[in-house]
Amino acid sequence: MIDVDIDADRSVRTVMIDRPEARNALTVDGLESLEAAIEAADEPVIYLRGRGSAFCAGADLAAVGGLDGDRDRAVEFARLGQRVARTIEDSPAVVVAGIDGPARGGGLELALACDVRVGAPDSTYGEPGVTFGLFGAWGGTVRLPRAVGDGNALEFALSGRAVDAEEALRMGLISRIEDDPRDVAEEIASNAVDTLAVLKRRIRDDSERATQERREAQAFGDLVEAHADDIDALLE
């Protein structure tokens, strides 16, 4: 079943998780469709959202139940989710998550893989798996503490509680609250395309500091050369 809908619009591609009857929970097919949609994008900005009242409820529990307690199949399912999250993170496009409803478990983890997370005023966030003996395993234990710090990550994950948009903003789960999160994607897309890609690569670079600084300087030199006329125009 294909539950991702793609709509290319100028410099922003909207990728919509399209399974509202299940709060956009993702099956194996859904994860693979999402991965393909991200990989196929050639726009500089991708806007990821869910259809209906939820962003994404994470893994489809029926799909998890269908693993029949088989450890190897469970590991394979987790690795698929991790691969999709890495595809989002490694995309040359800037990926903006527009969270316009609940983001739970794996859905939150996919949002954490995005470059920018924008919440609507009524959006909520949670990792409820701990309440029934599971946890999201799509890279969240790596990305959550990077976003909110170890202390917040531990309290948030271990309690299983949900937080609203205001608390998510304070924690660092999201960077902005907007009535229409897509406005942020459009705002980003209005900037120089090559600079967007370079900034993403440099900020995402996890090499040691000297290597990061060398690459940063080289990228700056490349952009100064490429935009020499634009710079001259600003000085006139």
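Taking the Cα centre of region 1-134 as origin and assigning +1 to Lys and Arg Cβ atoms and -1 to Asp and Glu Cβ atoms, the resulting dipole is close to 320 debye.
Taking label points 7 Å from Cα along the Cα-to-Cβ direction, Asp222 and Asp206 give a separation of 2.1 nm. Could you tell me what percent of the DSSP beta bridges with both partners in the chain are antiparallel, to the nearest 5? Within the chain, antiparallel bridges account for around 30 percent of the total. For region 97-151, a crude dipole built from +1 on the beta carbon of Lys and Arg and -1 on the beta carbon of Asp and Glu, taken about the Cα centre, is about 100 debye to the nearest 20.
Spin-label model, Arg176 to Asp232: label points 7 Å out along the Cα-to-beta-carbon direction sit 3.3 nm apart.
Determine the percent antiparallel among the DSSP beta bridges restricted to region 96-236, to the nearest 5. It would help to have the intermediate numbers written out before the result.
Working: 3 of 12 bridges.
So the antiparallel bridges amount to about 25 percent of the total.
The three principal axes of the C-alpha atoms in region 129-236 carry coordinate ranges of 61, 38, 20 Å, sorted with the longest axis first. For the peptides 49-61, 118-130, 185-197, the ranking by mean Cβ contacts within 10 Å, running from highest to lowest, is 49-61, 118-130, 185-197.
For the chain, adding -39500 (n - 2.57) for each run of n ≥ 4 DSSP H residues and dividing by the number of residues yields -15000 deg cm²/dmol at 222 nm. Overall, the chain carries a charge dipole of about 920 debye about its Cα centre when +1 sits on the Cβ of Lys and Arg and -1 on the Cβ of Asp and Glu, all other atoms neutral. For the chain, with every protein chain kept in place, what is the accessible area per residue (1.4 Å probe, Å²)? About 51 Å² of surface per residue is accessible.
Accessible surface of the chain, 1.4 Å probe: 52 percent of it comes from carbon and sulfur atoms.
Contour minus end-to-end for Glu187 and Leu61, with contour as 0.36 nm per residue of separation and end-to-end as the Cα-Cα distance?
On the way: separation 126, 0.36 × 126 = 45.36 nm, distance 3.61 nm.
The Glu187-Leu61 span can extend by a further 41.7 nm.
Simple rule: put +1 on each Lys or Arg Cβ and -1 on each Asp or Glu Cβ in region 98-223, find the dipole, and look at Phe132, Ser207, Val142; the Cα lying farthest toward the positive end is Ser207.
In whole angstrom, note down how far apart the Cα centers of region 79-135 and region 207-233 are. Computed from Cα coordinates, the inter-centre distance equals 31 Å. When mean projected area of the Cα convex hull in nm² is computed from the coordinates, the matching label among (i) 15.4; (ii) 19.9; (iii) 14.3 is (iii). With unit charges on the beta carbons (Lys and Arg positive, Asp and Glu negative) and the dipole taken about the Cα centre of region 145-236, which residue among Ala228, Phe156, Ile177 sits farthest to the positive side? Final value for the positive-end residue is Phe156.
The values are calculated or read from the model by the stated rules, or taken from the named source; none is laboratory data. Because the structure is a prediction, the values reported are computed rather than measured. Glycine also receives a Cβ, built like all others from the backbone with ideal geometry; neighbour counts cover every protein chain displayed. Remember, those area values only see protein heavy atoms, side chains included, never the ligands or the DNA or RNA. Shrake-Rupley method; radii C 1.70, N 1.55, O 1.52, S 1.80 Å.
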